[in-house]
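The values are calculated or read from the model by the stated rules, or taken from the named source; none is laboratory data. Being a predicted model, the structure only gives us computed values, none of them experimental. Cβ coordinates were reconstructed from backbone atoms using ideal geometry, including for glycine residues, and neighbour counts include every protein chain displayed.
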Protein chains: 2
Amino acid sequence: MSKDYLAEEVQAMPDKWNYAPHVLSLESSIIREILKISSKPGVISFAGGYPGPEMFPVEEMKQAAMEVIDEFKSNALQYSLSMGITPLRDTVAERESKLGFPTKLENIIITSGSQQGIDLCARAFLDPGDYIITEYPTYVGALQAFNFYQAPYASVEMDQDGMLVDQVEDAIKKHNPKFIYTVSNFQNPTGITMSEERRHALVELASNYNIPIVDDNPYGELRYAGKPVPSLKAIGGDIVISLGTFSKILAPGLRIAWMNASEKVMPIFERVKQCGDLHTSTFTQYMIYAFLRAGKLEGQIQKLIKGYGQKRNLMLAEMEKNFPSELTWTRPEGGLFIWVEMPKHVSGSKMLPKAIEEKVVYVYGAPFYPDGRWDNTMRLNFSHAGPETIVEGIKRLGKVIKDSL
Amino acid sequence: MSKDYLAEEVQAMPDKWNYAPHVLSLESSIIREILKISSKPGVISFAGGYPGPEMFPVEEMKQAAMEVIDEFKSNALQYSLSMGITPLRDTVAERESKLGFPTKLENIIITSGSQQGIDLCARAFLDPGDYIITEYPTYVGALQAFNFYQAPYASVEMDQDGMLVDQVEDAIKKHNPKFIYTVSNFQNPTGITMSEERRHALVELASNYNIPIVDDNPYGELRYAGKPVPSLKAIGGDIVISLGTFSKILAPGLRIAWMNASEKVMPIFERVKQCGDLHTSTFTQYMIYAFLRAGKLEGQIQKLIKGYGQKRNLMLAEMEKNFPSELTWTRPEGGLFIWVEMPKHVSGSKMLPKAIEEKVVYVYGAPFYPDGRWDNTMRLNFSHAGPETIVEGIKRLGKVIKDSL
């Protein structure tokens, strides 16, 4: 076809289109912006929440992909149900049951990453102005999803045992929130795990007011130290909507996650999922099903626990050596992140350009607070970089911090 | 872990949770409900928009999956950019350019199916009460996506040349719509293609008012008869946001589609995409990239044109033989659907249970109209069933219709 069709009268001005005002105020994910910088050669990144690439079971995933085509043929390439493919939902339900809460097929909907699970909760509950209770700080991707729906936050402070649950009842009375969002295990960004006592208290409170708890739980199985704590789902049952994912325990690029919730909620999640993307990739669902069926996931998780546990220990040791004594940081028993607090006059965001000059990047902490308040903080990821890189990166970062004090 | 954690005090009542009121009024996709029936043994389905399973390049996709792992290794399993992986965006841009409109990498964002493209347009533009101009009837999945955002519709009637563009200006003046949504090629559900003259008129009008046209174009390359018409994008350039997909020309189960739009719009789409699912599956993006790079797509499309063209001819011929003369239907030059109008007193929805008894299903037409008005219509898909099944199914359906007249 010729390229001369373009009508002469066309004078589109996309910059003047009539966008929804609340969309214009959305910010691009600071993490994703920093990640663009991280891909430059020589830059050491502690910024993303990326799994270590050396940990991916590459050959096994190739095997799974081949098996899927050989066994399910055209079905693996066809449209499938909005709830997800049945064999994967069944397998996930079985695993969830083993992990502490009896779960059936009907309780599981497959989502396109946990980010979509967060979005589906927002879709199901939020009108503009509806409050959400969150930890303070909390996962920035969740804030981004919720911001789209113009949600204000009732932020609840944390200590080393997680959310201060005695602040929650006041927040409920004052704001009538639609749900309570928590990352109860090895929280993003702080690495803190909610204590068993707090979990019971939170569940009791939520049940009294019949307000759902959304437990975003990507790291729960990645514990390197300390004693396991029962999941909020195991304690709270139907009051909890639990978000699980294969992104951290297997491979994020397949974009397969799930929600575990009361079957009474499922018709609503199914509908809002249909609005958003009809259904999640049939092919990658089957790939993960094939991998699980072969019994390979538990070994993979053990491998991750060993590898990430060593990286965590290494990073903590190097921080001890290289960071000035004015700083404090968490010592997470699992997950992917360490949270650093610097003296109040030090700005994590203003320090970043200096760090980039020294070829090391991190995520500064302000975006994890809905009010952006505590800029003297930063989040460090220890799962992605290799050991030598961790040593070199923490050395560089220590220097940058010392120069900024 | 023991299963005795469940706190005794828990009394969740998910049916009484405080959902967003507008979500409770959403209906599940009628098509997806009918598809659940279609999967019963012996039932012949003309309901979905499913590709013919015999058409999938199964072995080539297996080859692509293996290549992807061998070549891109852990990168194929890792997180990737919200805009999509660069080699796929590049390849799509090149194809779009060949198809009539010069397109660069910066104009392409990869989406999780075109349904997500529709949703991203809604996210970018709509506040509750904002109007959209659509054809009447129009694609039910788009209505479902827009309904979530509480969009009212300025519906524009169609004739055999598509949307009656002279009604559009009035609708613009009256409703100040956020965008014009059209399926310009082999429309879903009617199979009608907008004429070149109408396209120019629509582009001129949209440009005068600077209102974007969202051209949902999944079938544009599947033409079996008649003369090609330049795409709205080729005619309109930046005033058009064009949605393309690999679902109909390759495999829907991979959930890979794209938007082609002015680079000025992209920061907004990137942000709302991040809110929704961070990014689309890295692995299936690479799979499609590998398939395209091997030059296999054009042959695949030729195969589809031949196969679907024959099915279309067969279904039209069988309808001629088996359907009563009181009915009229479209003779689409491409796409996947034939649209049937029955006498006004015949209800497509009331007839469906009788059809199910005779083990044949279709989608009745009412849900394609925002006001659900014209229930004497139905949409028949000819891409999915095999030839013998088409013959038998149309015979069964003819009988059901005759009994209902």
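Within segment B:257-301, restricting attention to residues that are in contact with a helix residue (DSSP H, G or I) (Cβ under 6 Å, 6 or more places away or on another chain) and hydroxyl-bearing (Ser, Thr, Tyr), the residue that is farthest from residue A:256 (Cα to Cα) is B:262. Within segment A:236-259, the residues that satisfy the criterion of being surrounded by fewer than 24 Cβ atoms within 10 Å (Cβ to Cβ) and within 23 Å of residue A:200 (Cα to Cα) are A:237, A:238. From A:76, A:47, A:65, which residue is touching a helix residue (DSSP H, G or I) at 6+ places or on another chain (Cβ under 6 Å) and in the same structural domain as residue A:353 (by TED's automatic domain parsing)? From the options A:76, A:47, A:65, the qualifying one is A:47.
For segment B:209-221, the candidate set comprises residues that are buried (at least 24 other Cβ atoms within 10 Å of the Cβ) and hydrophobic (A, V, I, L, M, F, W, C); within that set, the residue that is farthest from the other protein chains (Cβ to nearest Cβ) is B:214.
Closer than 20 Å to residue B:50 by Cα, within 11 Å of chain A (Cβ to nearest Cβ) and part of a loop (DSSP other than H, G, I, E, B), is that true of residue B:262?
Taking the combined requirement at face value, the residue does not satisfy it.
What's the total number of residues in segment B:174-194 that are surrounded by fewer than 17 Cβ atoms within 10 Å (Cβ to Cβ) and either touching a helix residue (DSSP H, G or I) at 6+ places or on another chain (Cβ under 9 Å) or under 22 Å from residue B:238 (Cβ atoms) (or both)? Summing the residues that are surrounded by fewer than 17 Cβ atoms within 10 Å (Cβ to Cβ) and either touching a helix residue (DSSP H, G or I) at 6+ places or on another chain (Cβ under 9 Å) or under 22 Å from residue B:238 (Cβ atoms) (or both) in segment B:174-194 gives 1.
Given the residues B:101, B:46, B:72, which is the only one that is under 25 Å from residue B:378 (Cβ atoms) and more than 7 Å from every other protein chain (Cβ to nearest Cβ)? One residue alone meets the criteria, B:46. Only strands (runs of 3 or more DSSP E) whose full extent lies in segment A:64-164 are considered here, and the ones with at least 3 residues that are crowded, with 24+ Cβ neighbours inside 10 Å and in contact with a strand residue (DSSP E or B) (Cβ under 8 Å, 6 or more places away or on another chain) are A:108-111, A:132-136.
Of the residues that make up segment A:320-328, is at least one touching a residue at least 60 places away in the same chain (Cβ under 8 Å) and either surrounded by 21 or more Cβ atoms within 10 Å (Cβ to Cβ) or touching a Phe, Trp or Tyr at 6+ places or on another chain (Cβ under 7 Å) (or both)? No, segment A:320-328 contains no residue that is touching a residue at least 60 places away in the same chain (Cβ under 8 Å) and either surrounded by 21 or more Cβ atoms within 10 Å (Cβ to Cβ) or touching a Phe, Trp or Tyr at 6+ places or on another chain (Cβ under 7 Å) (or both). Any residue that is part of a strand (DSSP E or B), at pLDDT 95 or above and either within 12 Å of the chain's Cα centre (by Cα) or more than 9 Å from chain A (Cβ to nearest Cβ) (or both) - is there at least one of those in segment B:190-201? No. Just one of (1) closer than 25 Å to residue A:275 by Cα; (2) in contact with a helix residue (DSSP H, G or I) (Cβ under 7 Å, 6 or more places away or on another chain); (3) modelled with pLDDT of 90 or more; (4) within 7 Å of chain A (Cβ to nearest Cβ) fails for residue B:56. It is (1).
Within the option set A:344, A:359, being at pLDDT 95 or above, out of contact with any Phe, Trp or Tyr (no Cβ under 6 Å at 6 or more places or on another chain) and at negative phi holds for one residue only, A:344. Against the test of being under 16 Å from residue B:283 (Cβ atoms), under 22 Å from the mean Cα position of the chain (by Cα) and surrounded by fewer than 18 Cβ atoms within 10 Å (Cβ to Cβ), the options A:57, A:53 yield a single qualifying residue, A:53. Pairs meeting the criteria (first residue in segment A:34-54 and aliphatic (A, V, I, L, M), second residue part of a loop (DSSP other than H, G, I, E, B) and surrounded by fewer than 19 Cβ atoms within 10 Å (Cβ to Cβ), beta carbons under 7 Å, at least 6 apart or on different chains) are A:37/A:43; A:43/A:359; A:44/A:359. Scan segment A:23-36 and tell me whether some residue there is at the interface with chain B (Cβ under 9 Å from one of its Cβ atoms) and at pLDDT 90 or above. Taking every residue of segment A:23-36 in turn, at least one turns out to be at the interface with chain B (Cβ under 9 Å from one of its Cβ atoms) and at pLDDT 90 or above.
Conditions (1) in a helix (DSSP H, G or I); (2) on the phi > 0 side of the Ramachandran plot; (3) touching a residue at least 40 places away in the same chain (Cβ under 8 Å); (4) assigned by TED's automatic domain parsing to the domain that holds residue B:140, marked per residue:
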site	(1), (2), (3), (4)
B:228	no, no, no, yes
B:241	no, no, yes, yes
B:253	yes, no, no, yes
B:279	no, no, yes, yes
B:291	yes, no, yes, yes
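What number goes with the only condition from (1) of a type outside the set (Lys, Arg); (2) within 12 Å of chain B (Cβ to nearest Cβ); (3) more than 19 Å from the chain's Cα centre (by Cα); (4) surrounded by fewer than 24 Cβ atoms within 10 Å (Cβ to Cβ) that residue A:206 does not pass? Exception for residue A:206: condition (4).
Note on segment B:110-152: residues that are over 17 Å from residue B:31 (Cβ atoms), more than 14 Å from the chain's Cα centre (by Cα) and facing chain A (nearest Cβ under 8 Å) total 6.
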